[in-house]
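The structure appears below as structure tokens.
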Amino acid sequence: MREVLSRGAFILQRDLEHFEQNLAEYLDVNYVLGVADGTNALKLSLIAAGVESGDEVIVPSHTYVASAAAIHYVGANPVFVECGSDHLMDVDAIHDAISPKTRCLMPVQLNGRTANMDRIQAISEDTGIPIVEDSAQALGSKFKGKSAGSFGVAGTFSFYPAKVLGCFGDGGAVITNDPEVAERISLLRDHGRNEKGEVITWGTNCRLDNLQAAVLDLKLKSFDDDVARRREIARRYIDGLNQIDALVLPPGPEDDSDHFDVYQNFEIECEQRDELQAFLSAAGIGTIVQFGGKPVHMYPLGFEKTPLPKTEKLYERMLLLPMHTALSDEDIGFVIEKIRSFYAV
């Protein structure tokens with residue numbers, strides 16, 4: 001940070017270029033474009049994918065409000081679908097949600113896991129509807145060896161401090177293998193200016209600043225170590241809790257060769273969720289019911305009141321256990337011990 005400050009190099013300078021190049025190499029994609037945050041990454045990607053006013057975008061309701069907000073602010077309408085047993089977009093629900101107005105599919109790679117993109121890509125190819133991935137919580141996650149965010153016309157990431165790769169404020173990125181999409185995002189993020197600084201189209205101000213890029217580039221060097229520790233913590237939770245019938249746990253790190261999960265979150269389902277949360281809080285263990293405990297389709301934002309019973313049931317049962325690299329093995333053991341004592345195991 002001192003080196004960046006000493007150069008007065010704050011916007012679109014070499015620190016950002018280095019981070020974009022290194023992240024592209026890490027994800028095995030052609031283009032990475034740093035932007036101001038994950039929400040704007042989605043918004044610009046939707047525009048680049050051709051989504052316009054009056055279009056519809058299919059998205060799961062089990063997501064952060066930013067997924068729907070990005071759709072709204074390009075003038076389109078979110079069409080919410082159920083989540084499946086893996087808490088990701090229910091692929092079986094996509095076909096019924098498609099209409100003549102459908103312009104994009106937005107799978108959300110939630111909790112550090114990538115959806116079954118074989119099936120979603122097959123739907124995209126059959127219908128001609130492009131994919132924009134909301135991979136804000138899934139940097140480093142893979143499906144069949146391919147990185148989250150790299151399956152559609154564009155994928156997006158957030159570098160909010162709580163993410164697996166987080167900066168010291170807001171930040172985000174768009175990734176793509178399409179040179180035309182990359183060019184469009186480059187123009188959109190910088191006032192429509194080309195490499196010569198000439199304004200050639202409408203754009204906005206949505207750039208990842210060099211200070212954040214420098215921080216992210218440094219942290220990227222130890223990213224694999226952070227992911228390995230999260231996977232180790234997940235394994236400890238699963239080994240300690242898998243005998244409790246009242247819990248539904250996420251898949252373990254080695255349970256499915258198609259998926260490589262990075263465990264941004266460790267989201268469980270549990271009976272007596274509210275009582276368990278209060279019990280753990282009394283023991284000094286913080287837990288979270290994700291997204292304020294309400295799926296997006298139930299927010300008072302003027303959506304059609306289409307029930308999503310599986311998603312709504314999940315929100316009565318889900319809970320995030322502590323998951324971050326500062327946790328010690330003793331910390332994890334204490335959480336497991338308290339949960340086992342609550343259920344009298």
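Treating only the Cβ atoms of Lys and Arg (+1) and Asp and Glu (-1) as charged, compute the dipole magnitude of the chain about its Cα centre; round to the nearest 20 debye. Can you show the working numbers first?
On the way: 32 positive and 52 negative charges, 150 e Å.
Using Cβ point charges on Lys, Arg, Asp and Glu, the chain gives about 720 debye.
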Residue farthest toward the positive end of the dipole of the chain, with Cβ of Lys/Arg at +1 and Asp/Glu at -1: which of H18, V79, V132? H18
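Measure up K101/K310; K144/K196; K144/K221; K144/K310 against 30 Å on the Cα-Cα distance and list the ones that go over.
Values: K101/K310 25 Å; K144/K196 40 Å; K144/K221 23 Å; K144/K310 27 Å.
From the list (K101/K310; K144/K196; K144/K221; K144/K310), the Cα-Cα distance tops 30 Å for K144/K196.
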For segment 6-121, report the accessible area per residue in Å² (1.4 Å probe, heavy atoms, rounded to an integer). 39
For segment 227-267, what size does the Cα cloud have along each of its three principal axes, sorted from largest down, in whole Å? 27, 20, 15
Suppose the Debye formula is applied to equal point scatterers at every Cα of segment 3-93; what is log10 I(q)/I(0) at q = 0.13, 0.16, 0.23, 0.24 Å⁻¹? -0.62, -0.82, -1.10, -1.12
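Could you give the size of the charge dipole of segment 34-118 about its Cα centre, using +1 on the Cβ of each K and R and -1 on the Cβ of each D and E, expressed in debye and rounded to the nearest 20? Each step should come with its number before you reach the end.
On the way: 4 positive and 10 negative charges, 60 e Å.
So the magnitude is around 280 debye.
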Just to be sure I understand: with springs between alpha-carbon atoms less than 10 Å apart, which residue in Q212, Q13, Q21 has the highest mean-square fluctuation in the Gaussian network model of the chain? Q13
Positive dipole terminus of segment 270-345, leading residue within V345, L327, Y299 (C-beta point charges): Y299
I'd like the FRET efficiency for I98 and R193, computed as 1/(1 + (r/R0)^6) with the beta carbon distance as r and R0 of 56 Å, rounded to 0.05. 0.90
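In segment 215-292, which trypsin sites (Lys or Arg not before Pro) are in a loop and have at most 13 other Cβ atoms within 10 Å, using DSSP for the loop call?
On the way: sites: K219, K221, R229, R230, R231, R235, R236, R273; in loops: K221.
Those that pass, being in a loop and sparsely packed, are K221.
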Placing one identical point scatterer on every Cα of segment 100-241 and ignoring solvent, what is log10 I(q)/I(0) from the Debye formula at q = 0.15, 0.19, 0.21 Å⁻¹? -0.89, -1.22, -1.33
Residues of segment 76-108 with backbone N under 16 Å of the label point set 7 Å from the Cα of K144 along Cα→Cβ are 91
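Translational diffusion coefficient, Stokes-Einstein: compute it for the chain using the Kirkwood radius over C-alpha pairs as Rh, at 4 °C and 1.567 mPa s, and state it as an integer in µm² s⁻¹. Display every interim value, and only then the final one.
Working: Rh = 20.8 Å.
It diffuses with D of about 62 µm²/s by this estimate.
With a Förster radius of 25 Å, plug the Cβ-Cβ distance of F334 and Q272 into 1/(1 + (r/R0)^6) and report the FRET value to the nearest 0.05. Show your work: numbers first, answer last.
Numbers: r = 20 Å, r/R0 = 0.79.
Computed FRET efficiency for F334 and Q272: 0.80.
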Ignoring GluC sites (Glu not before Pro) that are buried or in helix or strand per DSSP, and keeping those with at most 14 other beta carbon atoms within 10 Å, what is the longest stretch of the chain between them? 53-194
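The values are calculated or read from the model by the stated rules, or taken from the named source; none is laboratory data. Keep in mind that what you see is a predicted model, and the values were worked out from it rather than measured. Positions of Cβ are backbone-derived with ideal geometry, glycine not excepted, and every protein chain shown enters the neighbour counts. The accessibility values were calculated without ligands, DNA or RNA, using every heavy atom of the protein model including side chains. Shrake-Rupley method; radii C 1.70, N 1.55, O 1.52, S 1.80 Å.
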